[in-house]
Amino acid sequence: MTDPKSQSITRLITRKIPGGKLVQMEITFSDHIENVKLMGDFFLHPEETLEDLVNAIRITSLPFDPFFLTACLDQILIDHEAQLIGASTEEITSMLEEALSCKPTA
Amino acid sequence: MQAYRMIPFQMFDAFTNMALDEVIVERVRSGDSLPTIRFYGWQPSAISIGIFQGIHNEVNLDKAKAAGVDVVRRQTGGGAVYHAAGGEITYSIIGSVNLFPANILKSYEVICGDIVFALKNLGLEAHFAPINDILVQEQKISGSAQTRRNGILLQHGTVLYQTDIEKIEHLLNVSQEKTSDKLIKSVKKRVTWIQELCGASLDDLKLALEQSFSRERWIEIGGYTTQEIEQAGKLVKEKYTTNAWNYRL
């Protein structure tokens, strides 16, 4: 029997947002997202909002709908009255797509 | 007109500097301290990283330790900064959000306007470059970072007096994209400092900054209170020197 954990992949995606900041996504996934970190030199007010953004990505089922995830992230920003500066929810979603494009082999 | 306390330049270690900013935010919020503008340096030299940065991604920790350079995580966003002892002046401005534009980008521009004014008084054609930089001859000379908590705005930033690009490259990790020769050269071209540009001394820069931040504010020159120093010391131990804070990402 194959150990599901052996199929996990960890990827670090680094993206300089045009006109913005550097964003890094470190994600570990197999058939589901196991862990995710969102890092970089962007600004997010209030800073505590990051935890909810990361949690929203972490609980995203795979395969995922980019438009739905972006809408979820946007809603979190609205709920926190938060401002994301130097990055965007669309870019974060796009980075997740890029990270997941390297799928674990069965 | 709202009165501000202005605390002239003093040097502290990295952990105390960050703790003092946080303590003053809380004391301004509670009404125990006036809105405050402080100028400070870093002794020993240090690296500060942004609140969202991965410390291992940004800093060569072994080389920093070998060089005696402290590493601390800020409570603000933005990038990793090498703070050379005696090589820069850092400022903080702390006050109610009502004292500043509600729009964050506009508030950066307004506060950075004081630095631009100071640099112009030193004969430098400086200008604000969104999001959070100040450029002279299209090269970065100052960067700032802001946070807003419980109705209080903290913005801090550096003005480079002199720097050592090779030491920055030695201590700070650069992402894969930045390791190509072309981009390393472009980083060197993007940074400048006072000593490279004009004959102003560090004291000239201090005076220019004090004068520019005083232009449109009621200023009372002051110092740190005993309570602020005590609370900052506690915060150094409980937060800014802990792995839980500095290694959280």
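Each value in this text was obtained by applying a stated rule to the coordinates, not by laboratory testing. Everything quoted here is computed from the prediction, not taken from an experiment. Note that we place each Cβ from the backbone using ideal geometry, even for glycine, and neighbour counts take in every protein chain shown.
Quick look at the numbers
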| item | result |
| --- | --- |
| Cα-Cα over 27 Å, subset of B:K65/B:K120; B:K65/B:K234; B:K63/B:K120; A:K21/B:K167; A:K21/B:K234 | B:K65/B:K120; B:K63/B:K120; A:K21/B:K234 |
| For B:D204, net neighbour charge (Lys/Arg +1, Asp/Glu -1) across residues whose Cβ lies under 15 Å away | -2 |
| Sorted by Cβ density within 10 Å, fewest first, the residues A:H80, A:H45 | A:H80, A:H45 |
| Relative intensity, log₁₀ I(q)/I(0), of chain B from a Debye sum that treats every alpha carbon as a point, q = 0.10, 0.13, 0.15 Å⁻¹ | -0.45, -0.79, -1.08 |
| Value at 222 nm in deg cm²/dmol, rounded to 500, when DSSP H runs of n ≥ 4 in chain B each add -39,500 (n - 2.57) | -10500 deg cm²/dmol |
| Base-10 log of normalised Debye intensity for the range A:4-100 (one unit scatterer per alpha-carbon) at q = 0.13, 0.17 Å⁻¹ | -0.41, -0.70 |
| Phi to ³J(HN,Hα) by Karplus 6.51 cos²θ - 1.76 cosθ + 1.60 over the range B:156-171, Hz, x for Gly, Pro | 10, x, 10, 10, 6, 9, 8, 8, 10, 4, 5, 5, 4, 5, 6, 9 |
| Partners for A:K37 among aspartates and glutamates (Cα-Cα distance below 17 Å; same-chain residues under 8 apart left out) | A:E26, A:E47, A:E48, A:E51, A:D52, A:E90, A:E91, A:E97, A:E98, B:E58 |
| Stretch gain in nm, segment B:E230-B:D204, where the contour uses 0.36 nm per residue and the Cα spacing is subtracted | 6.2 nm |
| DSSP bridge pairs, chain B: antiparallel proportion in percent, nearest 5 | 70 percent |
| Span per principal axis, largest first, for the Cα atoms of the range B:16-116 (Å) | 44, 27, 25 |
| Mean-position separation - Cα centroids, the range B:1-47 and the range A:41-59, in angstrom | 27 Å |
| Size descriptor, Kirkwood hydrodynamic radius, that averages inverse alpha-carbon separations across the protein assembly as shown, Å | 21.4 Å |
| Relative contact order of chain B, pairs being alpha-carbon contacts under 8 Å that are 6 or more residues apart, as % | 27 percent |
